[in-house]
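Values quoted throughout were computed directly from the atomic coordinates according to the rules given, and no laboratory measurement underlies them. Computed from a predicted model, the values in this text were never measured in an experiment. Heads up, the Cβs are rebuilt from the backbone with ideal geometry, glycines too, and the neighbour counts pull from every protein chain shown.
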Amino acid sequence: MTSMDKFLNLGRFLLGLPMVIYGVEHFIYAPFVFTIVPPWIPWHAFWTYFTGIALIAAGVSIVFKKYAHLAATLLGTMIFLWVVLIHVFLIFHKPDDLWAGRSMFGDLPGRLNNAFKDLGLSGAAFILAGTQSEAARTLRANKLFRFGRLLFCIAIAAFGALHFLYPAFAPGIPPMFTDISFLLPGHLVWVYFTGATLFAAAICILMKKEERLVAMSLGAMIVVFDLLTWVPRFGAHPGDITGNWLKDLGLAGGALVLASALPKELRGAETEVFEVAGTAR
């Protein structure tokens, strides 16, 4: 196995491990998670603990490649439901909505950013699901893979647009707070460069132009920018180490999973046949 293959194999770890951490946090910070569940959904405690168990189980399955197809499919579905049932109402809420209007959810840029993070994670999970069994070679499984790729690309393109709409955020997958600085000088240069790169990457992946190279480069870029943005902050704010930035690593993992699922060389009609290093046998 080449060093490049080893790097691409990190994808499932970057996607799976944050799920395990977030699942554990559902139990550690259960009273806080209760408040995130919309008031029109009953049994807040049940859904909090159920979701925690589901995240841990999905993360472990993905990392150890046990029932990964089923786990990733269910994980992608669950996160997609979060986008529909939670994030949509947080972005498009009535002025008198006491639940959605709370400051704990942040302002509009942060809500948009977090919504697209979850949309991208849902897409990443579906991408992985579409590559984890022999059924991945069937038309039906290909549709699952393509749907995941579409969601993932929408999220990446949205992050590119957010760089131009809200340049005060740090570059990369922008954090939700403007007080998180970026290590390198020339903040705006990096912001606009990263925004353009993310938008171009989404288009290339959708158009299948150098898709493998672009996805691999995208995953590497997200990891590097995440480390440059967050590691300096951990010294002053150690609690952030298990925070929202882990979703960024999950998105990087999704990009690497996508890259590893694509053939190394284009071969006409065979380009739709997945050559997945981690496919379950």
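Please report, in debye to the nearest 20, how large the charge dipole of the chain is about its Cα centre when each Lys and Arg carries +1 at its beta carbon and each Asp and Glu carries -1 there. Let's see the in-between values first.
Numbers: 21 positive and 17 negative charges, 133 e Å.
Around 640 debye, computed over the chain.
For segment 211-259, the set of trypsin sites (Lys or Arg not before Pro) satisfying both a DSSP loop assignment and a count of at most 12 other C-beta atoms within 10 Å is empty. Pairs from the table (K143/K209; K65/K208; K209/K247) lying more than 22 angstrom apart at Cα are K65/K208; K209/K247.
Sort 73-81, 117-125 by the packing proxy (mean of other Cβ within 10 Å over each peptide's residues), most packed first. The partial results should precede the final answer.
Details: 73-81: 19.6, 117-125: 26.4.
Taking the mean over residues of other Cβ atoms within 10 Å, the ranking is 117-125, 73-81.
Which length gain, in nm to one decimal place, applies between W43 and M207 when the Cα-Cα distance is subtracted from 0.36 nm times their residue separation? All intermediate terms of the calculation are to be shown ahead of the outcome.
On the way: separation 164, 0.36 × 164 = 59.04 nm, distance 4.33 nm.
Here the segment from W43 to M207 would lengthen by 54.7 nm.
Ignoring everything except DSSP H segments at least 4 long, calculate the 222 nm mean residue ellipticity for the chain; use -39,500 (n - 2.57) per segment, divide by total residues, nearest 500.
Working: 10 runs with 182 residues, N = 281.
For the chain, the value works out to -22000 deg cm²/dmol.
When the alpha-carbon atoms of segment 3-272 are used, the pair Rg, Dmax equals 18.1, 57 angstrom. Each label point was placed 7 Å from the Cα along the Cα-to-Cβ direction; for D5 and S103 their separation is 5.4 nm.
Taking GluC sites (Glu not before Pro) that fall in a DSSP loop and have at most 16 other Cβ atoms within 10 Å as cut points, what is the longest piece of the chain between them?
Working: sites that count: E210, E265, E275.
Free of exposed loop sites, the longest segment is 1-209.
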